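Here is the structure we will look at, set down as structure tokens.
The values are calculated or read from the model by the stated rules, or taken from the named source; none is laboratory data. All figures in this text were calculated on a predicted structure; none of them were measured in a lab. Cβ sites come from the backbone with ideal geometry, for glycine too, and all protein chains shown count toward neighbours.
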Amino acid sequence: MPRKIEEIKDFLLTARRKDAKSVKIKKNKDNVKFKVRCSRYLYTLVITDKEKAEKLKQSLPPVLKNKPFLKNIHKNTVKFFDILGL
């Protein structure tokens, strides 16, 4: 279920929670969306200022920055990655 976060400080606190799994960043010409996946909700923060978005990207926890996000990959391919340990 989606939830919208209005404040950057609240988003950073949410991203540092133990149940935060990954962060996706979606850039448009008008804004930048930060989406953090937690166990129950997908929290979204929308920022229109590009400089603030870059600062927020740098201040994300390093554990969440390096998590790969596999999109539209067949489930057999994901199983193959699991076997290889990737």
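Key figures
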{"item": "Qualifying residue in segment 36-57 (condition: among the small types (Gly, Ala, Ser) and either crowded, with 16+ Cβ neighbours inside 10 Å or touching a residue at least 24 places away in the same chain (Cβ under 8 Å) (or both))", "result": "yes"}
{"item": "Unmet requirement for Lys24, which otherwise passes all of (1) surrounded by 10 or more Cβ atoms within 10 Å (Cβ to Cβ); (2) at pLDDT 50 or above; (3) out of contact with any helix residue (DSSP H, G or I) (no Cβ under 9 Å at 6 or more places or on another chain); (4) in a loop (DSSP other than H, G, I, E, B)", "result": "(4)"}
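Conditions (1) under 14 Å from the mean Cα position of the chain (by Cα); (2) on the phi > 0 side of the Ramachandran plot; (3) at pLDDT 90 or above, marked per residue:
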site	(1), (2), (3)
Ala15	yes, no, yes
Asn31	no, no, yes
Lys52	no, no, yes
Phe81	no, no, no
